[in-house]
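The values are calculated or read from the model by the stated rules, or taken from the named source; none is laboratory data. All figures in this text were calculated on a predicted structure; none of them were measured in a lab. Cβ: placed from backbone, ideal geometry, glycine included. Neighbour counts: every protein chain shown.
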C-alpha cells in the first residue's frame, strides 16, 4: 500500500514539473512572438529585417506552440486516467487489508 502511495506522490511531483515546464514554454513563446511582431527595422539580424521572414518565423513559432499545447492537453488527460487508476488500486488495497483483518 505504501508503494502505491509513493507512486501517487511521484506522479503528482512529475505533474508539477510538467506544468512548470509548460508555463515556461508558454511564456517564452509569447515573448518570442512579441519580439517577432515588432517593427522589422528595429531588429538587427538581417534575416528578420524582411517582413516576410518575420511573419513566417512567427507562424512557425505559433504552430509549434499549438502543437506543444495539444500534447500538454493529451498528457493531462493521460495523467488524470493514471491517477484515477492508482487511487482505485489504493482503495482496493485498503479494502483488502481491512477485509483480511476481519
Hey, can you tell me all the residues within region 70-102 that are exposed (fewer than 11 other Cβ atoms within 10 Å of the Cβ) and in contact (Cβ under 8 Å) with a residue 40 or more places away in the chain?
97
State yes or no: is residue 53 over 30 Å from residue 96 (Cα atoms), at pLDDT 90 or above and assigned to a helix (DSSP H, G or I)?
no
Out of the residues in region 1-42 that are touching a helix residue (DSSP H, G or I) at 6+ places or on another chain (Cβ under 6 Å) and not in a helix (DSSP H, G or I), state the one that is modelled with the lowest pLDDT.
40
